[in-house]
Structures are given as structure tokens and as C-alpha cells.
1. What pairs come up if the first residue lies in the stretch 149-165 and is of a type outside the set (V, I, T), the second is not in a helix (DSSP H, G or I), and their beta carbons are under 6 Å apart, counting only those six or more places apart or on different chains?
2. How many residues, within the stretch 426-442, are surrounded by fewer than 16 Cβ atoms within 10 Å (Cβ to Cβ) and out of contact with any helix residue (DSSP H, G or I) (no Cβ under 6 Å at 6 or more places or on another chain)?
3. So if I check each of N504, N565, which one is open to solvent by 50 Å² or more (accessible area, probe 1.4 Å), more than 30 Å from L161 (Cβ to Cβ), touching a residue at least 12 places away in the same chain (Cβ under 8 Å) and of a type outside the set (G, A, S)?
4. Quick one: I182 ticks every box in (1) within 13 Å of M114 (Cα to Cα); (2) crowded, with 24+ Cβ neighbours inside 10 Å; (3) not polar (S, T, N, Q) bar one, so which box is it?
5. Inspect the stretch 534-549 for any residue being over 30 Å from S190 (Cβ atoms), assigned to a helix (DSSP H, G or I) and not aromatic (F, W, Y) and give the result as yes or no.
6. Would you pick out the residues in the stretch 298-325 that are surrounded by 13 or more Cβ atoms within 10 Å (Cβ to Cβ), modelled with pLDDT of 80 or more and either under 31 Å from the mean Cα position of the chain (by Cα) or part of a loop (DSSP other than H, G, I, E, B) (or both)?
7. Just checking, which of K525, K530, K559, K548 is of a type in the set (D, E, K, R) and under 14 Å from L467 (Cα atoms)?
8. Of all residues in the stretch 326-371, how many are open to solvent by 20 Å² or more (accessible area, probe 1.4 Å) and modelled with pLDDT under 90?
Amino acid sequence: MPTKLNILLRKFLIWKYKHIPQRKFIYILSVLIGLLSGLGAVALKNLTHYIQYLLESEFIVEIHHAFYFIFPIIGLLLVLIIIKYIIHKKVGHGIPSTLYAISKLKGIMPRHQMWASLLTAPLTVGFGGSVGLEGPTVATGAALGSNFARIFHLNQTSRTLLVGCAAAGAMSSIFKAPIAAIVFAVEIFSLELTIASMIPLLLASVSAILTSYFFFGDDVLLHFKIQDKFELNSVVFYVLLGITSATTSIYFSKIYFGIDNFFKRFSNGYKRLLIGGVLLGIIVFFIPPLFGEGFDTINNVLRGDITKVITNNIFHTASDNIWVIVALLVGLVTFKVIAMSFTFGAGGVGGVFAPTLFTGSISGYLLALIVNYSNIFNHQLSLTNFAMVGMAGLMAGVLQAPLTAIFLIAEITGGYELFIPLMIVSSISFLVTKIYVPHNIYAAELAKKGELITHDKDRNVLMQLDLNKVIETNFIALTPDMCLGDVVNNAVAKSSRNHFPVVNENNEFLGILTLNDIRSIMFNKDLYEKVKVRSLMHSASDIIYYEKDSAEVVLNKFKGSGAWNLVVIKNGKYFGFISKSRLLTAYRRKLIDVTA
């Protein structure tokens, strides 16, 4: 029996189809999704700050530093318990789970993603997990957008657009940078930049930033004012910053992938928690600036107040020796990436955006500091400008989103004074990193499987094809010892097909027999008992492997072999055939669906 809610929804949909054009309805939904994404960002931020406030309250303030070791373990344990006993489902890492939904689930995200990150991310970060909130915020908004699209029976293209609107809204609300938020959605989620998509993205971004202003006023996440103008004789040093940013980005990505692969060896969540949590606790105990997101440290660096950063250590000691300061800053960059990776490995929920900004700001500041104190050059570099541009360099390298990096920093700084150095550093960092790390952290796993959405529309359509729907299994299988008479009477006469798979007793594929192979002898009854399938069959032109071949690979196999039908092997056994005509028909239908 339909519920009252379903009846109301059905009546609303009927009314909508009669009175509201589809495009205008998308505009309305984009505003709503922007508002909800903004609220999600506010909720995540406030919950995290409230947890941190409780941990720093008076009754434990005296022993707070000693608890740097145990806090992350407690937070990660609470996350594990919530996932296991309340959510009962996997909570993906923000943006990667959103990319997977777009690539393989037609933009459909699980309903629990709308609220799962609201519970787990604040506990992870609030208790000291060295990750960010941006990824979970985007995932929360994206899940809202996806499920709203499902409620109102929107097609795949509209669902994907609303997911992008949610991502833009989340970033706009967090950084108060609406243009960079739109660029982020287009760059990371490979959305098509057309008028049809631009207006909803703008509406979502604006509505989200208004939400942020309503709750937080003029308060911003990154506090920076340009004090030093860009000078032409600094260009060579910005080129050098681009190279060092690429080097740091490569280190960042390789360490993350390496530690992630290490933790994949452990299937037991409690074992991962024990190993990762203890290692994370040790790191943040000795290096307190790595506790949580690290925006306090970033803002101190952007103000040029490095003393607060380097004195925040277990010994609470400061040094006037420049090389000691350099060593401490290098340690922050080095161990921030490791601490972040341990947080993820132990089961924490968060994002890599904040750690990227953290390492970028210190890396840029570090380069300028070394140049200024080296006495090799007479020119003095702006420490704060290099810190700011360094963040763009790491974003361009680690996230492989150079345009987002440029526009985000430009909006944060309130103008285009640093636009030239931003372009120089971001482009160099992106190009160099791309050589050694082909795909960013968000997309690496999908790219390995050939499931990554890109701006290549043809490839995207192929990737979204469901090969199960084009595999045909109604073929009569033959065995090598069958006689010609059996083939004619039991296969050819009973089948509308002109080719037959040859398999052994274990259903393992051996070869193919076609009508052309027996056409000249199939009516010669003298040969019915003499000729065996073994002597007539031949090998396949190529083979499709069900577990690993994507639609793009399958199409390339058709092109390379020149065949019209290719056999499919699943789990080492014969499964069926795919015909080129059926594949191309499915491709055309999917193309119409995606571009509708």
C-alpha cells in the first residue's frame, strides 16, 4: 500500500510536470542543494569545534598535552564502533566515494552517506585525526543532491549535475570562495561546462556562501592580507617553488599510496585501529601542530608568526638558529603526510584537502626562508606570499586541480595581485607531478580499474556501459569429441546462432566452431561419425575477460581482431559472447541518455 508521503510525492510530480519546466526545476533544486550543503558544512565544522572545545575544557586542561597520545585512538575507536554498530555500512572517503558513484553507479549515492560523515568526520578530526573536513562535507552534500534527484525521478545527467552543485556548495561555504568552488566541481568531477550546467552551479555556490555568512558572518577559514606586491625579479624563485611543490606533491602522493597499501593487508578493523591509532598518537604527542586539521598552524604561517609554530613541540623550546627552524618545518611537512595516512589507515573519516594546504603553506614559507637567509641572493622574498602560493602549488600537484588552486587562492587574497605567480607555480607543479603520479589521490583507484570519469565524453559513455546487458549466453556449447552428426542435429538444427563455443567437461573454453567451418561438409552424412569437433574448431580471435576488461577495452579488442563476436570468460570458464553490433547499439543508447 502506498504511504501518504508517496501519494503526496506522486501528486507533486504530476503537478510539476504540468507547471514547471525541467530546466527551471533544476534551478530550484540547485538552490536547495546549495543551502543544504552549506548547512552540512556548518554542522560538520561546529560539531568538530565543539568536540575540540570539550577536550580542552578546564577539567583536563592541565593534562591536555599528555592526552595528545590517547585522544586520536579514542576518536578512531568511536568511529569504528559507530560504523560497525550504527551505520552498518562502509563510509567512503568523501570525494573518492562521490567519484565512484558518478562513474559506476550512475550518480546514485547510498542514503546513509547523507548523515554518516556528520557522525564520523567530527569524531575523527575533533579527537586529533590529522585529516580535513572538506571531503566529508562534499560527500554529505553530494549524497543529498543524488538522493533528491532520485526522489524527483531525474535522469543520470541531472543527478550528476546536482552532485556537482552539492560539491560546489560545500566548497563555497567552507572557503567563502564561490568561483573557485564552481571550478573545483568542474575540474574534480569532470562536469561539462555549458550554460545548462553553469547556472545551477552558480546558484548552488551562491546559496551555500549565503548560508555560511548567515552563521559565521565575515569570519573566514584562512586569514591573509597581501602585504608585499608581486615583483618581476621573483619569477625565477616562483619557478623554483613550482618545482619544489611538485617534489612535495610526489612525496605526499607516494607516501599516502604506500601506507594505504600497507593497511589493506589487515582485514580486521580493530587491528588497523591499533596499529594506525598508536602510531598516529605517538606522532601528534611529539608534534602537536599535527593534531586535527591544522588551520591554526596554517594561519600562523600566513601571518608570518612562525614562532608559535616551532615552539609548539613536546619540549616547548624555541631556537634562533635558522637551520633548526628549517629542520622543524621540514619535519612538519614530512610527518603531516604520514600522520594523515595513518589516520586513514586506522579507519578515520576525513579528507586530504586540509593536509594539502598545511604542507603547501609550510613548503612555500620554507623555500622563501632558505633563500632569504642563504645570503646567495640580494633579493628578499615575501615569506607570506610564498606560503600562500605554496598552497596553490600543492593543490595543483596533489589534487591535480591547477585551476581550482589558482582561483581559490586568488579569491582568498581578495584580488589578482598574486595571479601571475599562482599561474606559474600551479602549472609547473601540475605538469611535473603528472609525470610521476598520473592520477590524483581521489581518482587513483578508479583510474587503475579504468572506471574514472574524465572530460572525454566518448570514454565516459563507454565506461558507464553495463557489459552484463550486452553479454549473450544462449549458445549451445560443444565438446571436442562430438561428432559432426551430433553438431548438425543437436546444435545447428536447434540454434539460430552461426557459431558455437567448444568447452571441456569443466566448462573451460577451448575454441570456436562456426557454420562456415562445416558448411561444405554438413550435409555429407558419410562424415557424420568420422569427423570430430576437435579437428574443425579454431581458436578465438580474442577473448574478453569478465573481471578485468572494461567496455573501452572490449571495443578495442573488436577493433584489433576485426571480429563481430568475441567470447567472454568469467572465473576462468566460458560464460557467453558479446557481439559488436549489440555493443555499439548499447553505446548509442547510453550516449543519448547521457546527453539528453
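The values are calculated or read from the model by the stated rules, or taken from the named source; none is laboratory data. Everything numeric in this text was worked out from a predicted model, so none of it was measured. Glycine gets a Cβ as well: all are built from the backbone with ideal geometry, and neighbour counts include every protein chain shown. Accessible surface is based on the protein model in full, side chains and every heavy atom, while ligands, DNA and RNA are left aside. Shrake-Rupley method; radii C 1.70, N 1.55, O 1.52, S 1.80 Å.
1. Hits for this filter: Q156/K106; Q156/G107; R159/G107; G164/L191.
2. 3
3. It is N565.
4. Status for I182: all satisfied but (1).
5. Taking every residue of the stretch 534-549 in turn, at least one turns out to be over 30 Å from S190 (Cβ atoms), assigned to a helix (DSSP H, G or I) and not aromatic (F, W, Y).
6. The answer is I298, N299, N300, V301, L302, R303, G304, I306.
7. Result: K548 is the single residue among K525, K530, K559, K548 that is of a type in the set (D, E, K, R) and under 14 Å from L467 (Cα atoms).
8. Within the stretch 326-371, residues that are open to solvent by 20 Å² or more (accessible area, probe 1.4 Å) and modelled with pLDDT under 90 number 3.
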